[in-house]
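Before any comments, here is the structure.
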Amino acid sequence: MKALVTAGPTREYLDSVRYLSNGSSGKTGIELARALKQSGFSVKLILGPGSETPKNIPTVRTVSALQMFEQVKRNFGWCDIFVSCAAVADYRPQKISRKKIKKGAGPLMVRLVPNPDILRTMGVRKGRKILVGFALEDAQGLQNARKKLKEKNCDMIVLNSPSTVEADKISASLLFSDGSALKLGKISKDAFAKKLCQTILKKFYGSI
Ligand code: C5P
């Protein structure tokens, strides 16, 4: 079985040094890639900026959402399961200034345009592949996560909260397209990755 995993944030540059991003250490996705590999999956990791490239996992480094999108499209045909852990920025500056923008007295207007939704696009092309998404919600979590599960055509979505961002622990609920759910207590991200991997094996590949 082949698993494609995205992890980390994306950076959307507005000039040569400044960017918009999401808080994300990439830790959950990297740990999950490790756990999947240990369970016998062939793994490819597409990893945003800001963390070290993990050893022994084939990794493609990306910066922007558009670059991550390109790499996911390039590798999607290869995989049996796509796990979209990445905290992709929803918008990017319409123009990137090649020079550092000078400070002025007045407000600076930056026009943002929407980035493609990588997971949603892959959801349309899903075929028989398994798709796992993440939903970070600060209110009405269950409702929003269920909506995303459906809209993005996922088999499972991991609901978690903003307290997870760049923390060592995560408390999450796993929601499935068959309507079932599994609530996990607050656990370390490597324990979570192992649990998520076990759940994937049990739920989608019939392993005990
Ligand atoms: O940002 P949102 O809450 O919609 O993210 C939910 C899921 O969609 C996550 O799995 C994330 O990796 C994915 N996503 C994506 N491309 C985006 C935004 C989110 O693949 N532009």
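The values are calculated or read from the model by the stated rules, or taken from the named source; none is laboratory data. Bear in mind the structure is a predicted one, so any value in this text is a computation, not a measurement. All Cβ positions, glycine included, derive from the backbone under ideal geometry; neighbour counts span all protein chains shown. Note: accessible area is taken over every heavy atom of the protein model, side chains too, but ligands, DNA and RNA are not part of it. Shrake-Rupley method; radii C 1.70, N 1.55, O 1.52, S 1.80 Å.
At-a-glance table
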| item | result |
| --- | --- |
| Subset of the stretch 54-75 (residues that are away from the ligand (no atom under 13 Å from the Cβ), touching a helix residue (DSSP H, G or I) at 6+ places or on another chain (Cβ under 9 Å) and assigned to a loop (DSSP other than H, G, I, E, B)) | Pro54, Asn56, Ile57 |
| Qualifying positions in the stretch 133-156 - without any contact (Cβ under 8 Å) to a residue 40 or more places away in the chain and more than 9 Å from the ligand (Cβ to nearest atom) | Asp138, Ala139, Gln140, Gly141, Leu142, Gln143, Arg146, Lys147, Leu149, Lys150, Asn153 |
| Residue in the stretch 13-31 that is open to solvent by less than 20 Å² (accessible area, probe 1.4 Å), touching a residue at least 24 places away in the same chain (Cβ under 8 Å) and not in a helix (DSSP H, G or I) present | yes |
| Pair list, Cβ under 9 Å, 6 or more apart: the stretch 98-109 residue open to solvent by 100 Å² or more (accessible area, probe 1.4 Å), other residue not β-branched (Val, Ile, Thr) | Arg98/Asp15; Arg98/Ser16; Lys99/Asp15; Lys99/Ser16; Lys100/Asp15; Lys100/Ser16; Lys100/Arg18 |
| Matching residues, the stretch 54-71, being basic (Lys, Arg) and in contact with a strand residue (DSSP E or B) (Cβ under 9 Å, 6 or more places away or on another chain) | Arg61 |
| Unmet criterion (only one of (1) farther than 21 Å from Asp117 by Cα; (2) surrounded by 19 or more Cβ atoms within 10 Å (Cβ to Cβ); (3) basic (Lys, Arg)) for Lys183 | (2) |
| Single residue of Lys44, Lys95, Lys37 found to be part of a strand (DSSP E or B) and either open to solvent by less than 10 Å² (accessible area, probe 1.4 Å) or modelled with pLDDT of 95 or more (or both) | Lys44 |
| Out of Ile130, Ile170, sole residue that is away from the ligand (no atom under 11 Å from the Cβ), open to solvent by 10 Å² or more (accessible area, probe 1.4 Å), of a type outside the set (Asp, Glu) and touching a residue at least 60 places away in the same chain (Cβ under 8 Å) | Ile130 |
| Condition met for Phe76 (surrounded by fewer than 20 Cβ atoms within 10 Å (Cβ to Cβ) and at pLDDT 95 or above) | yes |
| Members of the stretch 80-92 that are open to solvent by less than 20 Å² (accessible area, probe 1.4 Å) and more than 9 Å from the ligand (Cβ to nearest atom) | Ile81, Phe82 |
| Selected residue [within 12 Å of the ligand (Cβ to nearest atom) and open to solvent by 30 Å² or more (accessible area, probe 1.4 Å)] from Asp178, Asp117 | Asp117 |
